[in-house]
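Structure in structure tokens, see below.
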Amino acid sequence: MEKISNIALENKIFSSRMLMAFLFILIVTSVLILRLYNLQISNHDYYAEEALGNQMRTLPITPTRGKIFDRNGQIIATNQLSYRLTLTPEKTKNIAKTLLSLKQLNLIDEDDIKRFHKNRSRYKKFHNIPLKHKLSEKQVAEFLVSNQFIGIDVESYFHRIYPKNDSSVHVAGYVSRMSKKDKAFYDKQNYLGTAFVGKVGIEKQYETLLHGTSGKKQIERNVTGRVIDTQIIQAAENGKDLYLSIDLDLQIKAESLLKGKRGSIVVVNVKNGEVLALVSTPTYNPNWFVNGISHKNYQILQTSKDIPQLNRAIQGLYPPGSTVKPMVALAGLEEGVITNHSKTYCPGYYKLPNVKRKFNDWKRSGHGVVHVKDALAQSCDVFFYDLANNMGIDVIHDNLSLFNFGSKTGIDIPGERGGILPSKAWKKINRNEPWYRGETLIAGIGQGFMTSSPLQLAVATAALANKGQIFQPKLLKNIRSPNQPIKEVEKGSHAQIPIKNIQNWEDVIEGMRQTIYAPKGTARRLNKGLTYTLAGKTGTAQVFGLDAEEQYIAEKLDERLRDHALFTGFAPVENPQIAIAVIVENAGSGSSKAAPLAREVLDVYFEKQTSY
């Protein structure tokens, strides 16, 4: 009986073990079936792509950047076919060892290695990360002969170049490597394969037009990581070519006149606001930035007291000095404070009632009795002291604001500053101080708190020339899309300054004409040999204030404390075409240092007109 009982127990244990084994096999089989279903059916496309991941990749195609031309088709910025060395982290087993080997072959240097590690986090592991741009033909040949590096490739690309080097740099700007901020700002999909973007000037203002639209390509690699086939999925659309209003001949002439000086020359079209020349000196070479500026060149720019990267034409703010007198005179005439027959006696100084301080005229012996045209032609300070005192600062402010002083002009490049047009309210807000009568006097001759940019002066002078039409200055003139004809862009906006009496405008313009042609005109030396008629205004702006009885002697001052030289003008007087503003920092007299430069630029313009 005991033996039978043991057999039954053993059978029971065996049966339970068989059942457990069966259940275990069933569960495992079910899991395998489910997993197989998941791999082969549910997620087949995903895992198929993953399986081909080391073989097939979809990469962006960077479009060719659009070119920049002047109004006559002269090249300002273009592209040049070049080669770069790249590294794909996914395909490179030992990156440190590979970089060292490339360095030993003189294909890269320590700066390239540092730059690679700095930029590596910005790319995905399967992207080709640039190691070195602008490889020489010798370097390309040496690399191809060695052919020993897996994951290292030589790629062709279009390299941005500025053929005129530093010419027009403050207009065109430059491109440089994308920063994290750039990557966050621009469309990530469209900029996936882009390494460079515009940083300043036209390159930045019209970045999206110049960039174009990225495409897509599929590449196939073999087991060693070499690309064996490429298929275009979506072609890239190249960037648009931009034609600027700049006349490169005028631009280069103006730059040559300011060479070795700090200053600016701006020329605008009186009839539509197009900018024909926009010069700021000193300049710098935009080609330095394209592939990353060297430490040496960066230090040169950062330590220079002359601040080459400052675009003085739109960012330099200076006291306008006597160049603002035509607008002040017009305000007095339009407001009825003076007439064209009103006369003021100038003994060489001006005194407010019950005030001891003298406000000196630039001509210590005085101008005698002058009316508004004489005052403009001879730049009589006393006439404008008296006029400003009678008008008051707020009337001056309201009238000069019509000419866009104190506001940005809206030119189509970034970084413009608006300057200061003072008033009682402005001083209370910004200085928390009351306004004083003496400050009104010096505002009347463009000194004190008032500041403006050379561009603002050119735009205001153009508005005076065309009798009240104030245009938004524009640099972009035409656009050409790939395989399309050139198309003209919309002009900038414009407004009409209210006119109470057109004769007032004629009188002011006549005063500016007499500046050039009258026997006592401050710029009378310009009229010799003129082939066109010219109206202008000279100016000398103080860098710092003098005491009432102190005499200005330039030779006794540090060069950077000397007066700025200014000139504004337009031509021809009878049918104005262009207006110009010139400022030469710390040069002294506007009539001797700024006006002759304007004459040379205008000569080039009118010589070109007669040659067409």
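The values are calculated or read from the model by the stated rules, or taken from the named source; none is laboratory data. This structure is a prediction, so every number in the text was calculated from the model and none was measured. All Cβ positions, glycine included, derive from the backbone under ideal geometry; neighbour counts span all protein chains shown. Side chains are part of the model used for accessible areas, which takes the heavy atoms of the whole protein and leaves out ligands, DNA and RNA. Shrake-Rupley method; radii C 1.70, N 1.55, O 1.52, S 1.80 Å.
Only helices (runs of 4 or more DSSP H) wholly contained in segment 433-524 count here; list those with 3 or more residues that are of a type in the set (A, V, I, L, M) and either closer than 21 Å to Gln577 by Cα or in contact with a strand residue (DSSP E or B) (Cβ under 9 Å, 6 or more places away or on another chain) (or both).
Numbers: elements: 437-443, 454-465, 502-517.
Per the criteria, 454-465, 502-517.
Tell me, yes or no, whether segment 130-140 has at least one residue that is under 30 Å from Val279 (Cβ atoms) and assigned to a helix (DSSP H, G or I).
No, that holds for no residue.
Oh, and also: Within the set of pairs 6+ apart or on separate chains, which have a first residue in segment 349-372 that is under 18 Å from Gln514 (Cα atoms), a second that is of a type in the set (Lys, Arg), and C-beta atoms under 8 Å apart?
Every condition considered, the pairs that remain are Val369/Lys343; Val370/Lys343; His371/Lys343.
Also, quick follow-up: When you go through Arg84, Arg65, Arg57 one by one, which is the residue that is surrounded by 11 or more Cβ atoms within 10 Å (Cβ to Cβ), outside any helix (DSSP H, G or I), at pLDDT below 80 and within 43 Å of the chain's Cα centre (by Cα)? I'd like the intermediate steps shown before the answer.
On the way: Arg84 fails: at pLDDT below 80; Arg65 fails: at pLDDT below 80.
Step by step, each of Arg84, Arg65, Arg57 is checked, and only Arg57 is surrounded by 11 or more Cβ atoms within 10 Å (Cβ to Cβ), outside any helix (DSSP H, G or I), at pLDDT below 80 and within 43 Å of the chain's Cα centre (by Cα).
Mind checking which residues of segment 524-538 are open to solvent by less than 70 Å² (accessible area, probe 1.4 Å) and either of a type outside the set (Gly, Ala, Ser) or at pLDDT below 95 (or both)? Steps first, please.
First pass over segment 524-538, keeping only residues open to solvent by less than 70 Å² (accessible area, probe 1.4 Å): 526-527, 529-530, 532-538.
Leu526, Asn527, Gly529, Leu530, Tyr532, Thr533, Leu534, Lys537, Thr538 - these are the residues of segment 524-538 that are open to solvent by less than 70 Å² (accessible area, probe 1.4 Å) and either of a type outside the set (Gly, Ala, Ser) or at pLDDT below 95 (or both).
I would also like to ask the following. All but one of (1) out of contact with any helix residue (DSSP H, G or I) (no Cβ under 7 Å at 6 or more places or on another chain); (2) open to solvent by less than 50 Å² (accessible area, probe 1.4 Å) hold for Leu402, so report the exception by its number.
All conditions are met except number (2).
Just to be sure before I move on: is Ala518 out of contact with any Cys (no Cβ under 6 Å at 6 or more places or on another chain), modelled with pLDDT of 90 or more, closer than 27 Å to His371 by Cα and not aromatic (Phe, Trp, Tyr) in the structure I sent?
Details: out of contact with any Cys (no Cβ under 6 Å at 6 or more places or on another chain): yes; modelled with pLDDT of 90 or more: yes; closer than 27 Å to His371 by Cα: yes; not aromatic (Phe, Trp, Tyr): yes.
Considered against the rule, which asks whether it is out of contact with any Cys (no Cβ under 6 Å at 6 or more places or on another chain), modelled with pLDDT of 90 or more, closer than 27 Å to His371 by Cα and not aromatic (Phe, Trp, Tyr), Ala518 comes out as yes.
Residue by residue, here is whether (1) within 22 Å of Ala254 (Cα to Cα); (2) modelled with pLDDT of 95 or more; (3) part of a strand (DSSP E or B) holds:
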position	(1), (2), (3)
Leu546	no, no, no
Phe567	yes, yes, yes
Ala581	yes, yes, yes
Ala598	yes, yes, no
Lys608	yes, no, no
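Let me ask something additional. Against the definition (open to solvent by 50 Å² or more (accessible area, probe 1.4 Å), in a helix (DSSP H, G or I) and touching a residue at least 12 places away in the same chain (Cβ under 8 Å)), how does Glu203 come out, yes or no?
Numbers: open to solvent by 50 Å² or more (accessible area, probe 1.4 Å): no; in a helix (DSSP H, G or I): yes; touching a residue at least 12 places away in the same chain (Cβ under 8 Å): yes.
Taking the combined requirement at face value, the residue does not satisfy it.
Out of the residues in segment 356-385 meeting the condition of being aliphatic (A, V, I, L, M) and not in a helix (DSSP H, G or I), tell me which one is least open to solvent (accessible area, probe 1.4 Å). I'd like the intermediate steps shown before the answer.
Pass one, segment 356-385, residues aliphatic (A, V, I, L, M): 369-370, 372, 375-377, 382.
If we keep only those that are not in a helix (DSSP H, G or I) too, we end up with 369-370.
Values: Val369: 92, Val370: 3 Å².
Here the answer is Val370.
Can you run down the residue pairs with Cβ atoms below 8 Å, 6 or more apart or on separate chains, where the first is in segment 440-460 and under 25 Å from Val268 (Cβ atoms) and the partner is buried (at least 24 other Cβ atoms within 10 Å of the Cβ) and basic (Lys, Arg)?
These pairs meet every condition: Ile445/Lys325; Gly446/Lys325; Ser453/Arg312; Pro454/Arg312.
Still on this structure, please answer the following. When you go through Lys259, Lys204 one by one, which is the residue that is charged (D, E, K, R) and farther than 27 Å from Gly410 by Cβ? Give the derivation first.
Working: Lys204 fails: farther than 27 Å from Gly410 by Cβ.
That would be Lys259, the only listed residue that is charged (D, E, K, R) and farther than 27 Å from Gly410 by Cβ.
When you check Gly415 against the structure, is it open to solvent by 10 Å² or more (accessible area, probe 1.4 Å) and either among the hydrophobic types (A, V, I, L, M, F, W, C) or within 30 Å of the chain's Cα centre (by Cα) (or both), yes or no?
Yes.
Now, a different point. Where in segment 284-343 are there helices (runs of 4 or more DSSP H), lying fully within it, with 2 or more residues that are of a type in the set (S, T, N, Q), without any contact (Cβ under 8 Å) to a residue 60 or more places away in the chain and open to solvent by 30 Å² or more (accessible area, probe 1.4 Å)? Explain how you work it out, then say what you get.
Details: elements: 295-303, 312-315, 325-334.
The qualifying helices (runs of 4 or more DSSP H) are 295-303.
Still on this structure: If you check Asp111, Asp153, which single one turns out to be out of contact with any Phe, Trp or Tyr (no Cβ under 8 Å at 6 or more places or on another chain), under 26 Å from Ser179 (Cα atoms) and exposed (fewer than 14 other Cβ atoms within 10 Å of the Cβ)? Before the answer, list the steps.
Numbers: Asp153 fails: exposed (fewer than 14 other Cβ atoms within 10 Å of the Cβ).
Being out of contact with any Phe, Trp or Tyr (no Cβ under 8 Å at 6 or more places or on another chain), under 26 Å from Ser179 (Cα atoms) and exposed (fewer than 14 other Cβ atoms within 10 Å of the Cβ) holds for just one of Asp111, Asp153, which is Asp111.
Taking the condition open to solvent by 10 Å² or more (accessible area, probe 1.4 Å) and either in contact with a Ser or Thr (Cβ under 8 Å, 6 or more places away or on another chain) or among the acidic types (Asp, Glu) (or both), does Ile445 pass?
Numbers: open to solvent by 10 Å² or more (accessible area, probe 1.4 Å): yes; either in contact with a Ser or Thr (Cβ under 8 Å, 6 or more places away or on another chain) or among the acidic types (Asp, Glu) (or both): yes.
So Ile445 passes the test.
In addition: Only one of (1) of a type in the set (Gly, Ala, Ser); (2) open to solvent by less than 20 Å² (accessible area, probe 1.4 Å); (3) without any contact (Cβ under 8 Å) to a residue 24 or more places away in the chain fails for Ser136. Which number is that?
(2)
Quickly run through segment 120-167 and pick out the residues that are farther than 24 Å from Thr62 by Cα, at pLDDT 85 or above and not acidic (Asp, Glu).
Lys164, Asn165, Ser167
State whether the residues of segment 168-181 include one that is open to solvent by 90 Å² or more (accessible area, probe 1.4 Å) and not in a helix (DSSP H, G or I).
no
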